[in-house]
Amino acid sequence: LRSFGGATIGLDSISINVSMEHNFTSLSSSSTLSQQELDTFAPLLEDIFKILLGVFDRHLLTTNQTKYAQWALFYMCSLREEFVTRLFDHLFDIVQNHKFPQQQRQRACMYIASLTSRATYVKETMTQMVLNHMCNWMTSYIEVQEENGLARDANHHMLFYAMFHGITYILRALH
């Protein structure tokens, strides 16, 4: 038995849900730090962000149907606006990089949409920038397809569909 979040539970009954709930409860109760206090911890926050981004790349982008683990990185983004910008830039780089497997690129689209639509700390100007970037990507994709001859295989266009789904997800969530 182990004491966890004020309750004693068996080690075999600890699940990812319980663990994440405990972590987010702890984080939200301590999230009343002032900007000056956050600035004091800037080097530590930077290190944690880099670690979480590495974990995100190695494990979350390669895994189907994650529900909670990405929220640790999303929480870090809430602490510093530069983290949000860097995460969006990173995800867009993955979307555009043909060296990444198609499924990882599609997941990057969905993480962009999820963060943009759900995170209250993402400013309107950032949301506009994200939507603009997504629409520009789709326009470029269509132009390239028209030049090269449109492939009839729907599987060939899954990234396009993921991007479109991401745009509609953002628009639906924000209206």
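The values are calculated or read from the model by the stated rules, or taken from the named source; none is laboratory data. Just so we're clear, the structure is a prediction, and the values are computed from it rather than from any experiment. Heads up, the Cβs are rebuilt from the backbone with ideal geometry, glycines too, and the neighbour counts pull from every protein chain shown. Only protein heavy atoms, including side chains, enter the accessible area calculation; ligands, DNA and RNA are left aside. Shrake-Rupley method; radii C 1.70, N 1.55, O 1.52, S 1.80 Å.
Could you tell me how many of the residues in the range 76-94 are without any contact (Cβ under 8 Å) to a residue 40 or more places away in the chain and not aliphatic (A, V, I, L, M)? Before the answer, list the steps.
Here is the first cut: in the range 76-94, the ones without any contact (Cβ under 8 Å) to a residue 40 or more places away in the chain are 76, 82-83, 86-87, 89-91, 93-94.
The next check asks that each one be not aliphatic (A, V, I, L, M); those that pass are 82-83, 86, 89-90, 93.
Residues that pass the stated criteria total 6.
Do you know which residues across the range 136-160 are in contact (Cβ under 8 Å) with a residue 40 or more places away in the chain and aromatic (F, W, Y)?
Result: W137, single match.
If the Cβ limit is 9 Å and pairs must be 6+ apart or interchain, which residue in the range 101-123 that is closer than 16 Å to F83 by Cβ pairs with which residue that is open to solvent by 40 Å² or more (accessible area, probe 1.4 Å) and of a type outside the set (G, A, S)?
I112/H133; S114/Y169; T116/Y169; T116/L174; Y121/E81; K123/E81
Only one of L174, L87 is out of contact with any Asp or Glu (no Cβ under 7 Å at 6 or more places or on another chain), at pLDDT 95 or above and not hydroxyl-bearing (S, T, Y). Can you tell me which? Talk me through it step by step, then tell me what you get.
Working: L174 fails: at pLDDT 95 or above.
Among L174, L87, only L87 is out of contact with any Asp or Glu (no Cβ under 7 Å at 6 or more places or on another chain), at pLDDT 95 or above and not hydroxyl-bearing (S, T, Y).
With among the hydroxyl-bearing types (S, T, Y), modelled with pLDDT of 90 or more, assigned to a loop (DSSP other than H, G, I, E, B) and within 29 Å of L171 (Cα to Cα) as the only criterion, which of T66, T62, T120 stands out? Write out each step before concluding.
Details: T66 fails: modelled with pLDDT of 90 or more; T62 fails: modelled with pLDDT of 90 or more.
None of the other options fit; the residue is T120.
Can you find, within the range 75-122, the residue that is surrounded by the most Cβ atoms within 10 Å (Cβ to Cβ) among those that are among the aromatic types (F, W, Y) and out of contact with any Ser or Thr (no Cβ under 6 Å at 6 or more places or on another chain)?
Start the filter on the range 75-122 by keeping residues that are among the aromatic types (F, W, Y), which leaves 75, 83, 88, 92, 100, 111, 121.
Cutting the leftovers down to out of contact with any Ser or Thr (no Cβ under 6 Å at 6 or more places or on another chain) gives us 75, 83, 88, 92, 100, 111.
Values: Y75: 18, F83: 22, F88: 20, F92: 17, F100: 18, Y111: 24.
Step by step, filter the range 75-122, then rank; the result is Y111.
Can we say M110 is touching a Gly at 6+ places or on another chain (Cβ under 8 Å) and assigned to a helix (DSSP H, G or I)? If you could, list the steps in order and put the result at the bottom.
Values: touching a Gly at 6+ places or on another chain (Cβ under 8 Å): yes; assigned to a helix (DSSP H, G or I): yes.
In short, yes.
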